[in-house]
Each structure stands twice: as structure tokens, then as C-alpha cells.
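This report refers to the structure that appears directly beneath it.
The values are calculated or read from the model by the stated rules, or taken from the named source; none is laboratory data. Model, not experiment: these values are computed from the prediction. A quick note on method: Cβ atoms are made from the backbone with ideal geometry, for glycine too, and the neighbour counts reach across all protein chains shown.
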There are 2 protein chains.
Amino acid sequence: MAEAPVKPPAVRGPVTIQDVARRAGVSTATVSRALAMPDRVTDATREAVFAAIRETGYTPNAAARNLRAKTTKMVLVLLPGIGNSFFTPILNALEEVFSEAGYGVLIGYTRQDRSRETHYARVIRAGQVDGVLLVTGHLPRDEEFTHFPYTVPVSLLLSEMPGYSGFSVFDVENRAAARTMTDYLIGLGHRRIAHIAGPTLNPEANERMAGYREALAAAGIPFDPGLLWTGATNFDFASGEAAARRFLDSTERPTAVFAAADEIAFGFLRAIRSAGVVAPRDVSVAGFDDTEYAFHYDPALTTMHQPRAEIGRRSAEDMLRRMRAGGDPEPTVRVRLPCALVIRESARRLD
Amino acid sequence: MAEAPVKPPAVRGPVTIQDVARRAGVSTATVSRALAMPDRVTDATREAVFAAIRETGYTPNAAARNLRAKTTKMVLVLLPGIGNSFFTPILNALEEVFSEAGYGVLIGYTRQDRSRETHYARVIRAGQVDGVLLVTGHLPRDEEFTHFPYTVPVSLLLSEMPGYSGFSVFDVENRAAARTMTDYLIGLGHRRIAHIAGPTLNPEANERMAGYREALAAAGIPFDPGLLWTGATNFDFASGEAAARRFLDSTERPTAVFAAADEIAFGFLRAIRSAGVVAPRDVSVAGFDDTEYAFHYDPALTTMHQPRAEIGRRSAEDMLRRMRAGGDPEPTVRVRLPCALVIRESARRLD
DNA sequence: CTGAAAGCGCTAACAT
DNA sequence: ATGTTAGCGCTTTCAG
């Protein structure tokens, strides 16, 4: 039998507040204080503590701090997990503001999958985050999500959730924007204007559709159901391609097409081009979003600018405010930002 | 003076393991066991515990568990914070594998900014994550990063870091891929082939440049420095636009242009088109990456496919393996994946 | 201004 | 099979 193992003198494990205290010749409480409220310790003490920290390379353990403080300095951002380049500017802005404020950003992709939603519901319930930003376009259906009282502030980005309250909501004026775009197309002389709608169940898509119809009505153009192309399952290329087939099969083609998203417009443009139809020569096309490629595509896309970065920034600031309030339910906000018409090359005046 | 405050009976705070234990009529240890090793408690006990858990809506507190287990079930993914749609498939794959394994994904954008790197170095040192994936293209320069012994496994994605060891590395065969692309262009009859290089300091960009030159040499085409367009500060549109100016100003224009990234190619294509030069009619253009838009652009881009999702998936699996090993330094791996030539419309045979 | 001590919620020895 | 106990590393009263 080997003799009982001798505990190694310096385990060289992570250095704790104890190590620092010992080295600085003070108590752990003093180290903690020197860190949290530097002006409540003597200059000399502070010096000694900081020196010890420097020498040992001490970094406070997050788990211990979280356990004590009941706060994690982390937020969870839930994304749909598809078509993510659209969400990139939002995520970027969120990360910027949060990390600036010392918060970590945990991301989760729900992919509309129940088990994944349950997974993230658990993360929230486990107190792993201090706040949640939902950019999924829908509230997770998991019971743990909806039935359980929210212990942390929650915000909805880019979509509202009628019937639920207690969330801050940040979205854009979808209807007004779609109206503006359609008005613009009408102003260009178009009368036969088709609309490629977004996913049927998506509230934003429906708002845009409403704006389109509103503009038509205001201009005295009778609504033609054959010109409302629904059936999209997503704001993606494929939906634009499907619409292109309808366009090409039309006996009397529209002179302008307004897509509910840039990607839909790109899918449409590419598909019609294969058939020798080019925009804006043969048909005017407009998008919605003003993604990175709208400017760089050929033709450059006329579209509605959605202030994605601003939504990220403002929602992050609101979240910080609410999280800092501690347990008190701070008032939520409802921010609805306007979009801006961006005129480029894909739509032209009808001769 | 008011009398000593009476502790409210049910604070209705988060339910702890104590609450569950009390309700189930067992000790906290038993609750813990029923959760961790269900087969080591009686059926009856297990039932009682689970019932109590259900009734109370108990979820174990993450901080307490982390503190005890010295593990957080979280990984940090560090991204550059620019041109993020390129990284989207990687992030997607990472999140998929990690969340499947019960790990959370914390993201951080370094933006090549020192203070942000320090910030994230601290997150790592604080034991906030069990592993780190660097997709930044460079090792953070922060001393805390480089000098301090890594306490958790680290992996490098899409770029290697010569001189450092102890990391798993996942990247692609940049040189061979660039060589293949250039060979392809040569095979199409091109002799005057320009290369729009990526950022000078970027190792991947340099590998691609080397592959380009290698192909030229192998084909007996003398290297023309005037056809190597450097100066890019990023793999972005702007770099392509700058190259377009050089192209348009050339007295003798190349017949083919190989860009070090798809976005560079798009920027180039768009800029030359403004001058009435269209690909592939007037000049053949090839990219590198095979991003989402390569297929949807006009013209569809001939490019090299980088297996981004696979890099994400495999690096995540490797990271899981290494994290599960506990403190023992598991062997790191070096995975270098091949790229695939994707022939589309932007490059054509020279008449 | 500083130290002692309690305890956040959980798990893992060690007993029984 | 279950309970008791001792912390994990930190912050925060409460004394001094």
C-alpha cells in the first residue's frame, strides 16, 4: 500500500480571494471591499490588495459571485436560427451595448423546435440569465415559458405578441412602411402591382400586406387577389422563386412586384432572369429590410430600410435599465420605429 | 421602534432544493441524488421527489451548481464582429451541437479591439466558460490571453496560429483551394489572371495568394506584380470596389479576376458594372467562400466552397470531447478540410 | 477602517 | 437507501 498521498503545497489551481487576502495580509472581506468600493478602505490597504491581485493574477470567480449576488450579468438572446444574416446587425448591436455594460450575451436558436424552447426555458428558470430578448418572431410555446411567471425582464424584438403584457416591445411600423412603398410604386405609374407576402402566420408579414392593400385602396386601384402571392413559409429566396413561377405563368403580368423581404426579392429577381426577364426593364421590383446586399445586388434593390441596429441598441438599453432595477417591475416600453424608403435601381417609372 | 420584522412564511422566491426536500419528506441530498442518479434511490422516493419537483416547479440553480461542480456548461465563441454573415453558418452549427449537449453558447465580438479582448479574457479567467472557440482570425493580443496558462480548452477556427500549441485547429486548405481555382481559370484559357488579395496580415489570405502564384508558376505563366492587387483591409465589398478601380484604370486589363473572398468579388462585380463592364462577358470573375449569395447573385458566382458548417460541427464535437475530459489535457487535433470548386456563371472560357 | 462569521444553493463524502 | 455535514468562493451584515 502506498502511503496516504500528501496534499501538494500549492495546487496551482485558480487563485481565490483567500490567496489574495493572505498575500495582502488582510481579510477576504477587505479584498472584496477594495474591489467593490475602493474608497472605503485606506489607501495603503487598497494598494496592498491591488498589488496582491496583480501578483497572483486573481480574477473573481463568477459562479460564487452569482450565487451570492443572485445575478449573472448575462442575457439570453433567442433567435429563430434561420436566415440569420438578417439578424446579424441586431446581434451586433446587442453584443456591443451589453458587453460595454459588463453583460455577457448568450445566444440560442429555437428553430421553431419545441425541445429547444424547453431547453432555453430551463436556462432562464435556472437563473442563468438576468434578462431575455426574443427575436424569434413568436413567443416560445413551451408551457414553461408561458405559464411560469417571468422572474426576469423579457423583451420582444421585431414583433409584438398581442395578448401578452409585461414585455418591452421594439418593432417597426410595418404597415406604414409597406404603404409608403406601394404609394411610391403607384407614383411611378404602376397600377398592376403584385405583392409577395411573407409567411401567412407572421404578424409582420400581415401588417405589410395590409399596408399594400391600404395604398391600393387609397389610390382607387381595385384589389386583385390574383396579384397577392401568398404561400411563403419564410422570408427567404425560395419564396421569391415560387413567386417568380407565378409571375412567369401570368397571362397578364404585373408591372411591379413588391416583396415582403429583400431575400424574397432576390430569389424572385434571380428566377425571372433565368427566363430572360430583367428588372427594372421588364418589371419593377421592390424589397423590404434593406439588408447588406440590397445595395450590392444587381440591380441595386429599391427597398424599405428597417433600423435593425437601432432596434438592437435601444432594446439593449431598455433591458439594462430594467435589469438594474432589481426585482421591482420597472415599466416596460413600446417602441415602434419608422422605416425609410431607399430608392435604388430595381424599380422604375412606367413609360 | 418597530418590532423585529417577522420573516414572511413563503417568500415566493425561487424554489430551492430545500423546498423540494421538505415537500417530499426527504433530505436535500436525496433530491440531488434522485436527479443525478435516479437508479440509486427507491422507486417510491424517486416518485415522491419528482412529484415535489413538479408541484413546486423547481429548477436547480445554475450558479450554485457551477460553484460546486466547477463547471459552467458554457462555451465562449469569439468572433471578429464584422462581416458576420460569413460566420453565421459556423455559429449555427456550433449552437446546434453545443445546445444539444446541454451547453450554452456565449458570443463575443472582439472587433479587433483590445479592451474588448481584455473583457473576454476576464470572462474566461472568471471561470465563466468551460471552453473557448476563437473564430477571430487572430489570437487576441491581450496579455491576459497569451501569457496566462489556459485553464480551459481553446480551439482556433478557420485560421491557425503558428507558434502556439495546445489548441485544436480547424481550417481549410486555403492554398490548395486557391491553386485549384487558378488552375481552373487557366484551363479556361486565361493567361492574364489578376488576384484580389485579402488583408495583408491575414494568414489565410496569404495562403490563397500563394496558391494563386503556385498555379501560375506551374502553368509557366510569369508572375506579373501588376496583377496582384493587395491593400484590402478586410474581406469585404469595399476591397472589391478598390480593386475595380485598378481594373478599370489598367491599360491592359486581365481577362480573369480571382478574388480572395465572395464579398470582395461582389464589390468588384458591382463596381465594374457601373462602368459598363459585365461579367462574364467582358471579364471572368471568381470568388472564395461560397456564401449564401454566391448562388443567388447575378451572375451566379464561380467560387470555392468552404465547409463552414462542418468546421463548426467538428470543432464543437472536439471541444465537447476535450471539456468532458475534465482537467486532463486531452490531445488536441489539427483538422484541415478541403474546399470544393463550384462552377457557376461568373467565369467563362476565353474565346 | 477592518475582521469574523454567516450563508447563497448545491453536491459529495461520510455515516448510519 | 438515506441523512448529516462540510464546503465550493464570494459578499455582507455585524462587531470592534
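Filtered by the rule that a residue be within 17 Å of A:ALA259 (Cβ to Cβ) and either more than 13 Å from chain B (Cβ to nearest Cβ) or at pLDDT below 95 (or both), region A:301-318 gives A:THR302, A:THR303, A:MET304, A:HIS305, A:GLN306.
Residue count for region B:281-292 under the criterion of being assigned to a loop (DSSP other than H, G, I, E, B) and among the aliphatic types (A, V, I, L, M): the result is 1. Applying the set (1) more than 30 Å from B:GLU96 (Cβ to Cβ); (2) surrounded by fewer than 17 Cβ atoms within 10 Å (Cβ to Cβ) to B:PRO38 leaves exactly one unmet item: (1). Considering only residues in region B:18-35 that are more than 10 Å from DNA strand D (Cβ to nearest atom) and surrounded by 18 or more Cβ atoms within 10 Å (Cβ to Cβ), the one that is farthest from the other protein chains (Cβ to nearest Cβ) turns out to be B:ARG23. One residue is enough: does region A:107-122 have a residue meeting the conditions assigned to a helix (DSSP H, G or I) and within 16 Å of DNA strand D (Cβ to nearest atom)? No. Restricting attention to region B:324-351, the residues that are hydrophobic (A, V, I, L, M, F, W, C) and buried (at least 20 other Cβ atoms within 10 Å of the Cβ) total 2.
The criterion of being within 30 Å of A:ASP236 (Cα to Cα) and either out of contact with any strand residue (DSSP E or B) (no Cβ under 6 Å at 6 or more places or on another chain) or hydroxyl-bearing (Ser, Thr, Tyr) (or both) does not hold for A:VAL105. Residues in region A:97-128 that are closer than 19 Å to B:GLN128 by Cβ, within 17 Å of the chain's Cα centre (by Cα) and facing chain B (nearest Cβ under 9 Å): A:SER99, A:GLY104, A:VAL105, A:LEU106, A:ILE107, A:GLY108, A:TYR120. For region B:23-46, the set of residues classified as within 12 Å of DNA strand C (Cβ to nearest atom) and in contact (Cβ under 8 Å) with a residue 24 or more places away in the chain consists of B:LEU35 only.
Give region B:46-68 a look and list any residue that's more than 9 Å from chain A (Cβ to nearest Cβ) and surrounded by fewer than 18 Cβ atoms within 10 Å (Cβ to Cβ), or say none. Passing the criteria: B:GLU47, B:PHE50, B:ALA51, B:ARG54, B:GLU55, B:THR56. In region A:334-345, the condition of being touching a Ser or Thr at 6+ places or on another chain (Cβ under 6 Å), away from every other protein chain (no Cβ under 14 Å), modelled with pLDDT of 95 or more and not in a loop (DSSP other than H, G, I, E, B) is met by at least one residue. Taking residues in region B:78-94 that are facing another protein chain (nearest Cβ under 8 Å), and partners anywhere that are part of a loop (DSSP other than H, G, I, E, B) and surrounded by fewer than 19 Cβ atoms within 10 Å (Cβ to Cβ), the pairs with Cβ atoms closer than 6 Å and at least 6 places apart or on different chains are B:GLY81/B:ARG111. On inspection, A:VAL283 fails the criterion of being under 19 Å from A:MET181 (Cβ atoms) and crowded, with 24+ Cβ neighbours inside 10 Å.
Residue-by-condition table, conditions (1) within 26 Å of A:ALA126 (Cα to Cα); (2) among the aromatic types (Phe, Trp, Tyr); (3) touching a His at 6+ places or on another chain (Cβ under 8 Å):
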residue	(1), (2), (3)
B:THR59	yes, no, no
B:ALA64	yes, no, no
B:ARG68	yes, no, no
B:VAL77	yes, no, no
B:GLY81	no, no, no
B:PHE86	no, yes, no
B:ALA93	yes, no, no
B:PHE98	yes, yes, no
B:ARG111	no, no, no
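Where helices (runs of 4 or more DSSP H) fall entirely within region B:194-280, those with at least 1 residues that are buried (at least 22 other Cβ atoms within 10 Å of the Cβ) and among the polar types (S, T, N, Q) are at B:237-249. Of the residues making up region A:9-17, one or more are modelled with pLDDT under 90, over 29 Å from B:GLY108 (Cα atoms) and more than 11 Å from DNA strand D (Cβ to nearest atom). Listed conditions (1) more than 13 Å from chain B (Cβ to nearest Cβ); (2) part of a helix (DSSP H, G or I); (3) not acidic (Asp, Glu) are all met by A:PRO329, apart from (2). Summed over region A:63-99, the residues that are of a type in the set (A, V, I, L, M), away from DNA strand D (no atom under 16 Å from the Cβ) and in a helix (DSSP H, G or I) give a count of 5. Of all residue pairs spaced 6 or more apart or on separate chains, none has beta-carbon atoms under 6 Å together with a first member in region B:258-285 that is among the polar types (S, T, N, Q) and a second member that is surrounded by fewer than 24 Cβ atoms within 10 Å (Cβ to Cβ) and not in a loop (DSSP other than H, G, I, E, B).
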